[in-house]
Amino acid sequence: MPVTRDIAATYRGPGAVMRRLLSLGKREDRALAILMAACALVFVSQWPALSRQAYLEQVELNSLLAGALFGWIFIAPLLLYGLAALSHLIAKVFGGQGDWYGARLALFWSLLAATPLMLLNGLVAGFIGPGAGLNLVGLLWCAVFLWFWASSLLAAERPQGAVGA
């Protein structure tokens, strides 16, 4: 199934999409590709806000873009790998029976699936700026991302054959 269809399906049922992705087998290259695509899209979502900031503060746009690029393409993946490991350890404490790969895939896929809202957040930040609209879209993105991540992690940490989420 194409990634765009999987993203749309995640908005209807994130647990089902995660179970399908896990059924494709453990492929670290797939997880890394999902993570890098998500980080690249989050970087792109920052462009309008950075452009607005550069214009309003009369600073060089290229330096702002370079900092965001470094952060999202080099630093964020490392932090997200650590966050996925931490989420797996916490799930183990609460009886999770998944593996490290499932926890990574749950976080990385959730981030990628929530990027349409992150792109909207970037547009609002760039064209409208700070205010109630930006806060609302940011809150919506955060809630959707957390819903995707919780549902996906639950699906990844359940025993094989268990149904739900």
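The values are calculated or read from the model by the stated rules, or taken from the named source; none is laboratory data. Bear in mind that the values here come from a model prediction, so they are computed numbers and not experimental data. We place every Cβ from the backbone using ideal geometry, glycine too, and count neighbours over all the protein chains shown. Heavy atoms of the whole protein, side chains included, go into the accessibility calculation; ligands, DNA and RNA do not. Shrake-Rupley method; radii C 1.70, N 1.55, O 1.52, S 1.80 Å.
Open to solvent by less than 20 Å² (accessible area, probe 1.4 Å), in a helix (DSSP H, G or I) and closer than 22 Å to Thr4 by Cβ - does that describe any residue in segment 87-98? Please lay out each step first, then the result.
Kept after step one, since they are open to solvent by less than 20 Å² (accessible area, probe 1.4 Å), are these residues of segment 87-98: 87-88, 91, 96, 98.
After this cut, where a residue has to be in a helix (DSSP H, G or I) as well, the list is 87-88, 91.
Checking which are closer than 22 Å to Thr4 by Cβ leaves us with none.
Checked against the condition, which is being open to solvent by less than 20 Å² (accessible area, probe 1.4 Å), in a helix (DSSP H, G or I) and closer than 22 Å to Thr4 by Cβ, segment 87-98 yields no hits at all.
Mind listing whichever residues of segment 4-56 are open to solvent by 30 Å² or more (accessible area, probe 1.4 Å), in a helix (DSSP H, G or I) and of a type in the set (S, T, N, Q)?
Thr4, Ser23, Ser51, Gln53, listed by residue number.
Among the residues of segment 117-138, is there at least one that is of a type in the set (S, T, N, Q), over 19 Å from the mean Cα position of the chain (by Cα) and more than 18 Å from Tyr11 (Cα to Cα)?
Looking through segment 117-138, none of the residues is of a type in the set (S, T, N, Q), over 19 Å from the mean Cα position of the chain (by Cα) and more than 18 Å from Tyr11 (Cα to Cα).
Scan segment 16-30 and report the pairs whose first residue is more than 14 Å from Arg158 (Cβ to Cβ) and whose second residue is of a type in the set (Gly, Ala, Ser) and not in a loop (DSSP other than H, G, I, E, B), with Cβ atoms within less than 7 Å and a gap of 6+ or a chain change.
Note: pairs meeting the criteria are Val17/Ala9.
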